[in-house]
Amino acid sequence: MTFDTNNIAKLALLARLALSEKEMERLGSELERILEMVKELQKVDVTGLKPMSHADDRGLPLREDVAYTPNGRKNLEQSQGYEDGLVRVPKIIE
Amino acid sequence: MAKEILNEDLTIVSEALDKGEISSEEITRLCLAQVAELDGKIGAMLWVNEDLAILEAKASDQRRAKNQSLGPLDGIPVTLKDMILCEGLPATAASKILQGYFPPYEATVAKKLKSQGSVIIGKNNQDEFAMGSSTESSAYKICRNPFNQEYTPGGSSGGSAASVRTGMCFGSLGTDTGGSVRQPAAFCGVVGIKPSYGRVSRFGVIAFASSLDQVGPFANSVRGASMLLSAIAGYDENDSTSVKAEVPAYEKLLTGDVRGKKIGVPREYFGAGISESVRASVMRSIDILKHNGASIVDISLPHTPYAVATYYIISAAEASSNLCRYDGIRFGPRRGEGGDLLSLYEKTRGELFGPEVKRRIMLGTYVLSAGYYDAYYVYAQKVRRLFANDFAEAFKSVDVIISPTTPTTAFKIGSKIDDPVSMYLNDIYTISANLAGLSGISIPSGLDEQGLPIGTQLMARPFDEPNLLLIAEVLERDLGFRGKYGR
């Protein structure tokens, strides 16, 4: 993919970022440069290798299946929009 | 007591507190005065809470008076990188998108330090969301190198390193994702540890790249940094990536004896691009270890040239996901209210994230997008396994690996900020330890011709901090950096 304005605009939409035209141009050329650097990776032979998503392969630790009260809602009073133990936010479901 | 105590290390201050030669309130006030005097030109601190700090210091003194000291860290002034949550202090990750945010809970590492009586005096400046190697991308202010203010302190934990170096505190916690503790430690002439992945809880630490991040301590000595590591390490049920492994008192394992230890010298870390003074300093470090009875082994880490590319794909991908939560809904400022939901998201993030953060989010979004996910992200994860294999192979024949921490000493402020690739290449020697989950440390090993500090790095197997720190301390002792350059 080359980073023309069209492709940058699509990525910006995915990333939920409003960018000015100047920013889009600059990001386009910066991402081209970064992609040049990462293309080097294609030279590495990865046949038969499992992807490594985690530095430690020990697996997820388990706990006892006992109910407990989590962190709770203390200190929420300092949040913006705090009202009666709840926090008022803009509508997110349309 | 005189201001000279600010030149001392954490371990000396701890003894002085125990012997009653100084009180925590006195030393805390001295540190706060140091912040007031120097931070205008250094820029290491974003938020300071004087009143809270003095209260905690007084409480420490009262405990000591009743013979109820909580241990060697009781009463010691420390700081936290801004992205580590602490009650009573803002947490912005040096970004405008969290301006004015006070966390309703705090990081496990902050809780642990407090439970041992440390006095947290404030939050350190950093690169925004830990993305950077110079602290120039902080949305609030620049941080400057204590040795020469025209130069960067390194990053992203530049504020932490600078505050320890200038006596604003005696220890600091930073985070290291690709070198962000070790590199500023090298640039600022202090000790910085990146613990093994999973050694320290990340709960309450604003996430950048979850499979790479680790909280790491800064201090002026290996012993001091080891004490901080002992204080913060351990399994945390709130962080399922933390490992259930015993935490030794690391400072008690510093035997001072490296006879029989095998030190690996990776040939790929000593090629072109290293400045002469850095090379000479690290060669001197190797000689010191040889002189102390260790044997030097030539090793190869063949995939080193691919480290930067692998890291930037993986870390950008994870960051683009982690930073989705900054959407102007639940916390932080908002922009674009009154418009539709999409424009609230886009304007909040577009206006309140800085350029480096946006660059990495875009890169991460791209490498995770449909059609490119396998070619970039999964590919990079496979290459990551090659790094782990390279190190596993090397550690069959050596105990630790030695290298420069960075190819050069600190660079001038403004010289790389517009050239992202050049900035990224700075991390070449530190990145692999994060990819493979190793433990690593940088200790100051000398100054270059311009008087800027040089760092020597050691890396050890995951969870082999005992070997790492023991060998580092012997090196530190014979390098004599602290005796020569204070603190």
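Laboratory data are not the source of any read-out in this text; all were calculated from the coordinates shown. All figures in this text were calculated on a predicted structure; none of them were measured in a lab. In this analysis, Cβ positions are derived from the backbone assuming ideal geometry, glycine residues included, and neighbour counts consider all displayed protein chains.
Things worth noting here:
- Rg/Rh for the protein assembly as shown, where both radii come from Cα atoms and Rh is the Kirkwood radius: 0.96
- Label-point separation, residue A:62 to residue B:58 (7 Å along Cα→Cβ), nm: 5.1 nm
- When the alpha carbon gyration tensor of chain B is reduced to an equivalent ellipsoid, its three semi-axes come out at 31, 30, 20 angstrom, largest first.
- Relative packing of peptides A:74-82, B:330-338, B:352-360 - highest average C-beta neighbours within 10 Å first: B:352-360, B:330-338, A:74-82
- Charged-residue dipole, Cβ positions (Lys, Arg, Asp, Glu), segment A:1-41 about Cα centre, Debye nearest 20: 180 debye
- Linear extension gain, residue B:244 paired with residue B:275, 0.36 nm per residue minus alpha-carbon span: 7.0 nm
- When the alpha-carbon atoms of segment B:45-112 are used, the pair Rg, Dmax equals 13.8, 45 angstrom.
- Toward the positive end of the charge dipole of segment A:1-41, with +1 on the Cβ of Lys and Arg and -1 on the Cβ of Asp and Glu, the farthest Cα among A:38, A:13, A:2 is that of A:13.
- The residues neighbouring residue B:442, those whose beta-carbon lies less than 12 Å from its own, together hold a net charge of 0 under the Lys/Arg +1, Asp/Glu -1 convention.
- Counting Lys and Arg as +1 and Asp and Glu as -1 over every other residue whose Cβ lies under 12 Å from the Cβ of residue B:363, the net charge comes to 0.
- Proxy reagent accessibility, fewest Cβ within 10 Å first, across B:23, B:275: B:275, B:23
- Note, ³J(HN,Hα) from phi for segment B:407-417, Karplus 6.51, -1.76, 1.60, rounded to Hz, x at Gly and Pro: x, 9, 7, 4, 9, 5, 4, x, 7, 10, 5
- Over 32 Å apart at the Cα level, from the set B:262/B:358; B:41/B:358; B:41/B:66; B:194/B:290; B:396/B:416; B:123/B:484, are B:262/B:358; B:41/B:66; B:396/B:416.
- If you wrap segment B:305-382 in the convex hull of its Cα atoms and look at it from every side, the mean projected area works out to 5.9 nm².
- The order of B:400, A:38, going from fewest to most other C-beta atoms within 10 Å of their C-beta, is A:38, B:400.
- Sorted into 10 angstrom bins from 0, the C-alpha pair distances of segment B:230-333 split as 11, 19, 27, 29, 11, 3 percent.
- Each label point was placed 7 Å from the Cα along the Cα-to-Cβ direction; for residue A:43 and residue A:29 their separation is 2.6 nm.
- Inter-label distance, nm, simple model (7 Å from Cα along the C-beta direction), residue B:340/residue B:22: 6.1 nm
- Note on segment B:27-154: percent of Cα-Cα distances in each 5 Å bin, starting at 0 and stopping at the bin with the largest distance, equals 2, 11, 19, 20, 19, 15, 8, 4, 2, 0.
- Its Cα centre serving as origin, the protein assembly as shown has a Cβ charge dipole (Lys and Arg +1, Asp and Glu -1) of approximately 340 debye.
- Size of charge dipole - chain B - debye, nearest 20, with Cβ of Lys, Arg +1 and Asp, Glu -1, no other charges: 340 debye
- Kirkwood hydrodynamic radius (C-alpha pairs) into Stokes-Einstein, chain A, 25 °C and 0.890 mPa s, D in µm²/s: 125 µm²/s
- Cα-only Debye scattering, segment B:88-174: base-10 log of I(q)/I(0) at q = 0.18, 0.23 Å⁻¹: -0.80, -1.17
- Among the listed pairs A:43/B:382; A:22/B:412; A:74/B:112; A:91/B:347; A:10/B:347, those whose Cα-Cα separation exceeds 22 Å are A:22/B:412.
- Dimensions in Å of segment A:49-94 - Rg and Dmax from alpha carbons: 19.3, 54
- Percent of Cα pairs exceeding the 13 Å cut-off, where the set is segment A:1-41: 51 percent
- Residue mean of other protein chain beta carbons inside 10 Å, A:36-46: 6
- Ranking of B:291, B:303, A:54 by count of other Cβ atoms within 10 Å, fewest first: B:291, A:54, B:303
- Based on C-alpha pairs under 8 angstrom that are at least 6 apart in sequence, segment B:93-221 has a relative contact order of 23 percent.
- Within the shell defined by Cβ-Cβ distances under 15 Å, the residues around residue B:50 carry a net charge of -3, with Lys and Arg each +1 and Asp and Glu each -1.
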